[in-house]
Amino acid sequence: MLRLAALFIISAIVGPVLVFAQTAREQLDIQFVEGLRARGDVDLALDYLKVLEKTSSPEFKIGLPLEMAKTQLAKAVAEQDKSRRQTLYRGVMEQMKKFIAANPTNPRTTEAKLDLANLSLLLAKTNISEIAANRKTEDKLAKAAEARKQILDARNQLKGLITAMNADLAKLQPSPEQKSLSRSEEHTSELQSH
């Protein structure tokens, strides 16, 4: 449960940082959609995203499937019926996988991968809650095995995500040659100023 809470916190922190909107208007549109989702007005948010699909720039439209998936996820989380919730979760999972496959170099792919790992944990949580409801031992074992698989899947997704983020971070850090060149440039500029 603590890890699930940590993933939600990370999503809340990483999400706004990874804003993909190109213009102030598009940023406002996404903030509006996020506000609708936060209020629980997911149907209205979906309708607004459909309008944005027709009226936005091509660059902005690339991220709209992810926003649709996130909105569907908000709808799934609010769903009371467990079987319907799981169906919605699986639909969202497919939408996110399609976004990741279609946009492997998009900066929001990392965000989608994090959401996908979180979704695997939500599916596992739903399966775990269904274990007690089952009367047959074999049904309980089947649900437990499915939940275990989903937790391990989330773990592997997070490990891959951490590896990819560390690789991206390493690319941003200067190499030893760049550091020494930078130091020599600083030294030269200091000598010139004296």
### Contour excess over end-to-end distance, with Cα ends at Lys54 and Ala144 and 0.36 nm allotted per residue
28.0 nm
### Summary
Looking only at aspartates and glutamates whose Cα falls under 15 Å of Lys159's and that sit 8 or more positions away or on another chain, we get Glu111, Asp115, Asp168
### Karplus-derived HN-Hα couplings along the range 139-150 (A = 6.51, B = -1.76, C = 1.60, θ = phi - 60°), whole Hz, x at Gly and Pro
5, 4, 5, 5, 5, 5, 5, 5, 5, 4, 4, 5
## Note on the structure
On the accessible surface of the range 51-148, probed at 1.4 Å with all protein chains in place, carbon and sulfur together account for a percent value of 56 percent
### Summary
One finds, for Lys159 and Ile62 with R0 = 35 angstrom and r their Cβ-Cβ distance, a FRET efficiency to the nearest 0.05 of 0.85
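What is the gain in length, in nm to one decimal, between Asp41 and Ser175 on full extension, counting 0.36 nm per residue of separation less the C-alpha to C-alpha distance? Intermediate results must be reported in sequence, preceding the final value.
On the way: separation 134, 0.36 × 134 = 48.24 nm, distance 4.82 nm.
Working it through step by step, the gained length comes to 43.4 nm.
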### Query
Between Lys136 and Lys82, what FRET efficiency comes out of the Förster formula 1/(1 + (r/R0)^6) with R0 = 22 Å and r the beta carbon distance, rounded to 0.05?
0.80
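The values are calculated or read from the model by the stated rules, or taken from the named source; none is laboratory data. Bear in mind that the values here come from a model prediction, so they are computed numbers and not experimental data. Glycine also receives a Cβ, built like all others from the backbone with ideal geometry; neighbour counts cover every protein chain displayed. We work out accessible area using only protein heavy atoms, side chains counted, and drop any ligands, DNA or RNA first. Shrake-Rupley method; radii C 1.70, N 1.55, O 1.52, S 1.80 Å.
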